[in-house]
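Below is one structure, written out as structure tokens; comments come after it.
The values are calculated or read from the model by the stated rules, or taken from the named source; none is laboratory data. Quick caveat, the model's predicted, so the values are computed rather than measured. Neighbour counts are summed over all protein chains in view; Cβ atoms, including those assigned to glycine, are modelled from backbone coordinates with ideal geometry.
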């Protein structure tokens, strides 16, 4: 196999988050020391099922965790270190170098303010532009995100736009201050299939043409297969596998990643029963000594319930957190 | 007794709009389901797929056209005669939380249809049903909000199968669930379908789910069936440009199934004012021009079934 194996970045990364740990007050730890690295011009997928901590991880990088949720860890952004435990220190990055596109564009927009005002507000906060320059940039941005009649949409209220158009507006807002990292949290989940394709095309273009680094948070492995170069699979607050997309999808090393992919792939193969993952995700804050997936894992043996596996390099440049990954690789 | 369980013939549905005009949710839709057969209804929002489901269960009345169930026309039936049909057709909704009374316990919710139709609604029967859908007795006394999404959908399925319906209309039954939970619920539905011989009208926007679950499939766009036929060949090799675009936008995780990406321009036109000719022509990447914009295409044979597209007509002649 001679596929590109730059799964783990060497050299300088634009974004280097290490030891991201998140605790929910009164419940317990939800994310247990996650590392994420992104280079300019690449889209990296962060996948996992609900409750795995993927959105919390993203919000922690923006310093936008809800009250009662605390983060620890370090973010190095373009060479400067930020302490995730002190979210205020992230303010200069937020909205400017690091921007976000969320799942629900209706609640992310102010319902009583016209689109041009909302876009203009963001730029007034971060950029030193005259009123005329801002007005021109609003139209330029709306055009950039593929809105057919920018002048009309600029004067519209959010409710007058379709879901796809609102998501485009949100993307325009996110890129208005020329960010270098865009965090897209399930950006197409609320959209129709053909509109999803349009939005992913737009986001992919920003990465390709303008060199943005993008973290795509999604539960949809198909989208990851189509658009990302690397993928991190999260389970119960940990990254359990990381690697080049094709390597992970074609030869998943971690039993959870393997089972998840099998759930989807078995739909296409004309089987009588789909592959499933029995059991449920352990609740946030559960005290588990060994591997968090062990209770649901076909391959688990006596070691798995006592020893916590660490992310270890695989042969093809990926990382996997499983004690038995080498033994089960050839099965 | 015919070999067709459900026959939808030329069904149209128009919702009047305040201030004049109408929203054409369905336009001359034909659909057939044989006993025990699973038919998928694919479409995006505004395609009319949920409206058709509601007409089939009797929550909505067609503006024109006919619906036959089990050899009987249901459209004009008096309420008293609808009783047996109501028992024979059950529904599973996407949002199990909204479809359950939050103040009732799970065993009361599952017993409701049994009680309505004067059947044995004892606790023992209900617990048997709960066990059949993979929920133990301990769930019987819980309230809906105490269950996870997957567990609640299992309870909704227990409620639907309790009266042994001949047809279940399932409207996006797994869309709100995680992938691994989707697989569990789909397996459950399939084994129940086989065990009881239940037919399904399976409404979904997810082609992968339909491919697994359904024998045949109809693709709706702006209230029109653009393509229908046997599920596996249709989804593997769609004949209509719209189905092709849908299939390419729902990528598979498998390497051997990475199709060329087709990104349609524009968004779904308003069903208040559907485009002339072929309703898909303004977004069609393969439009032939005038003929598509003015003439409504008829049905052409395809390898999997039929499709409405001028491209296929020109191939034929």
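Do we have any residue at all in the range B:292-300 that's surrounded by fewer than 16 Cβ atoms within 10 Å (Cβ to Cβ) and not in a loop (DSSP other than H, G, I, E, B)?
Yes, some residue in the range B:292-300 is surrounded by fewer than 16 Cβ atoms within 10 Å (Cβ to Cβ) and not in a loop (DSSP other than H, G, I, E, B).
Looking at the structure I just gave you, is residue A:200 more than 8 Å from chain B (Cβ to nearest Cβ) and part of a strand (DSSP E or B)?
Against the criterion (more than 8 Å from chain B (Cβ to nearest Cβ) and part of a strand (DSSP E or B)), residue A:200 does not qualify.
Kindly establish whether residue A:308 is closer than 24 Å to residue B:210 by Cβ and more than 22 Å from the chain's Cα centre (by Cα).
no
For residue B:263, are the conditions met, namely being closer than 19 Å to residue B:53 by Cα and within 9 Å of another protein chain (Cβ to nearest Cβ)?
It is false that residue B:263 is closer than 19 Å to residue B:53 by Cα and within 9 Å of another protein chain (Cβ to nearest Cβ).
Can we say residue B:213 is closer than 30 Å to residue B:139 by Cα, in contact (Cβ under 8 Å) with a residue 40 or more places away in the chain, in contact with a strand residue (DSSP E or B) (Cβ under 9 Å, 6 or more places away or on another chain) and within 11 Å of chain A (Cβ to nearest Cβ)?
So residue B:213 passes the test.
Does residue A:330 satisfy the condition of being within 13 Å of chain B (Cβ to nearest Cβ) and modelled with pLDDT under 90?
Taking the combined requirement at face value, the residue does not satisfy it.
Tell me yes or no: at least one residue of the range A:154-173 is farther than 30 Å from residue A:44 by Cβ and without any contact (Cβ under 8 Å) to a residue 40 or more places away in the chain.
Within the range A:154-173 (the criterion being farther than 30 Å from residue A:44 by Cβ and without any contact (Cβ under 8 Å) to a residue 40 or more places away in the chain), the answer is yes, since at least one residue qualifies.
Could you tell me whether residue B:120 is at pLDDT below 95, surrounded by fewer than 15 Cβ atoms within 10 Å (Cβ to Cβ) and touching a helix residue (DSSP H, G or I) at 6+ places or on another chain (Cβ under 8 Å)?
yes
If you go through the range A:300-310 one residue at a time, do you hit one that is closer than 28 Å to residue B:252 by Cα, out of contact with any strand residue (DSSP E or B) (no Cβ under 6 Å at 6 or more places or on another chain) and either buried (at least 18 other Cβ atoms within 10 Å of the Cβ) or within 12 Å of chain B (Cβ to nearest Cβ) (or both)?
No - not one qualifying residue is present in the range A:300-310.
Among the residues of the range A:223-233, are any more than 25 Å from residue B:182 (Cβ to Cβ), in contact with a strand residue (DSSP E or B) (Cβ under 9 Å, 6 or more places away or on another chain) and in contact (Cβ under 8 Å) with a residue 24 or more places away in the chain?
Yes, the range A:223-233 has at least one match.
Does residue B:222 count as away from every other protein chain (no Cβ under 11 Å) and over 16 Å from residue A:194 (Cα atoms)?
For residue B:222, the condition - away from every other protein chain (no Cβ under 11 Å) and over 16 Å from residue A:194 (Cα atoms) - is not met.
Looking only at residues that are surrounded by 23 or more Cβ atoms within 10 Å (Cβ to Cβ) and touching a helix residue (DSSP H, G or I) at 6+ places or on another chain (Cβ under 8 Å) in the range A:168-181, which one is farthest from the other protein chains (Cβ to nearest Cβ)?
Filtering the range A:168-181 for residues that are surrounded by 23 or more Cβ atoms within 10 Å (Cβ to Cβ) and touching a helix residue (DSSP H, G or I) at 6+ places or on another chain (Cβ under 8 Å), the one farthest from the other protein chains (Cβ to nearest Cβ) comes out as A:176.
Might you let me know whether the range B:150-163 holds any residue that is more than 14 Å from chain A (Cβ to nearest Cβ), surrounded by fewer than 22 Cβ atoms within 10 Å (Cβ to Cβ) and in a loop (DSSP other than H, G, I, E, B)?
The answer is yes, given that some residue of the range B:150-163 is more than 14 Å from chain A (Cβ to nearest Cβ), surrounded by fewer than 22 Cβ atoms within 10 Å (Cβ to Cβ) and in a loop (DSSP other than H, G, I, E, B).
Only one residue in A:212, A:206, A:161 is within 14 Å of chain B (Cβ to nearest Cβ) and either within 16 Å of the chain's Cα centre (by Cα) or under 27 Å from residue B:42 (Cα atoms) (or both). Which one?
After ruling out the rest, the residue left standing is A:161.
If you scan the range B:120-140, which residues turn out to be in a loop (DSSP other than H, G, I, E, B) and either within 23 Å of residue B:181 (Cβ to Cβ) or touching a strand residue (DSSP E or B) at 6+ places or on another chain (Cβ under 6 Å) (or both)?
B:133, B:134, B:135, B:136, B:140 - these are the residues of the range B:120-140 that are in a loop (DSSP other than H, G, I, E, B) and either within 23 Å of residue B:181 (Cβ to Cβ) or touching a strand residue (DSSP E or B) at 6+ places or on another chain (Cβ under 6 Å) (or both).
I want to confirm something. Restricting to the range A:248-279 and keeping residues that are surrounded by fewer than 18 Cβ atoms within 10 Å (Cβ to Cβ) and within 7 Å of chain B (Cβ to nearest Cβ), which single residue is modelled with the highest pLDDT?
If we take residues in the range A:248-279 being surrounded by fewer than 18 Cβ atoms within 10 Å (Cβ to Cβ) and within 7 Å of chain B (Cβ to nearest Cβ), then A:250 is modelled with the highest pLDDT.
Can you tell me which residue within the range B:173-205, out of those that are out of contact with any helix residue (DSSP H, G or I) (no Cβ under 7 Å at 6 or more places or on another chain), part of a loop (DSSP other than H, G, I, E, B) and closer than 18 Å to residue A:263 by Cβ, is farthest from the other protein chains (Cβ to nearest Cβ)?
If we take residues in the range B:173-205 being out of contact with any helix residue (DSSP H, G or I) (no Cβ under 7 Å at 6 or more places or on another chain), part of a loop (DSSP other than H, G, I, E, B) and closer than 18 Å to residue A:263 by Cβ, then B:175 is farthest from the other protein chains (Cβ to nearest Cβ).
Which one of these does residue B:86 not meet: (1) buried (at least 20 other Cβ atoms within 10 Å of the Cβ); (2) closer than 24 Å to residue B:214 by Cα; (3) touching a helix residue (DSSP H, G or I) at 6+ places or on another chain (Cβ under 9 Å)?
(1)
Please enumerate the residues belonging to the range A:280-305 that are modelled with pLDDT of 90 or more and under 24 Å from the mean Cα position of the chain (by Cα).
Answer for the range A:280-305, where residues must be modelled with pLDDT of 90 or more and under 24 Å from the mean Cα position of the chain (by Cα): A:291, A:292, A:293.
List the number of the failed condition for residue A:245; all other conditions in (1) out of contact with any helix residue (DSSP H, G or I) (no Cβ under 8 Å at 6 or more places or on another chain); (2) more than 9 Å from chain B (Cβ to nearest Cβ); (3) closer than 22 Å to residue A:41 by Cβ hold.
All conditions are met except number (1).
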